[in-house]
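Structure record follows, encoded as structure tokens.
The values are calculated or read from the model by the stated rules, or taken from the named source; none is laboratory data. Keep in mind that what you see is a predicted model, and the values were worked out from it rather than measured. Glycine also receives a Cβ, built like all others from the backbone with ideal geometry; neighbour counts cover every protein chain displayed. Just so you know, the surface numbers come from the protein's heavy atoms only, side chains and all, with ligands and any DNA or RNA stripped out. Shrake-Rupley method; radii C 1.70, N 1.55, O 1.52, S 1.80 Å.
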Amino acid sequence: SHRYYFHQPGKIKSITGFQSVSESEGVIKVVKLSEFKEGDILDPVTNLNRLFYVFTKGKDRDAAIILSEKAIKKVKIELEG
């Protein structure tokens, strides 16, 4: 399975959990599509500005989807304001 991280628009105040995504159960690969850091301004999500996605493998399709979603949820991007 693969799943994208869908961010909210705004100025990034802090980012936590990204480093632990690759260590999550079932994660085969994390693909960072954009460099992002504290202070960056995030526009509303489009197919051109997604931040990253994960590939996972599970015992079946449904299990792989659940593992992808669990891994993605580890990332918290706090916005200013």
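Of note:
- 5 angstrom amide H check on residue 28, placed H, neighbours 5+ away: 55, 56, 57
- Accessible area of the stretch 29-71 belonging to carbon and sulfur atoms, whole % at 1.4 Å probe: 51 percent
- Its Cα centre serving as origin, the chain has a Cβ charge dipole (Lys and Arg +1, Asp and Glu -1) of approximately 220 debye.
- Proximal lysine pairs, the chain, alpha carbons under 20 Å, eight or more residues apart or interchain: 28
- Per residue accessible area of the chain, 1.4 Å probe, in Å²: 67 Å²
- 21 Å tail of the calculated P(r), the chain, as % of Cα pairs: 27 percent
- Summary of packing: across the peptides 2-11, 43-52, the per-residue average of other C-beta atoms within 10 Å ranks them, highest first, as 2-11, 43-52.
- Compared with the dominant principal axis of the Cα atoms in the chain, helix 61-73 is inclined by about 30°.
- Amide H to amide H, with H built 1.01 Å from N, residue 7 comes under 5 Å of 51, counting only residues 5 or more places away or on other chains.
- FRET efficiency for residue 33 and residue 66, using Cβ-Cβ distance with R0 set to 35 Å, rounded to 0.05: 0.95
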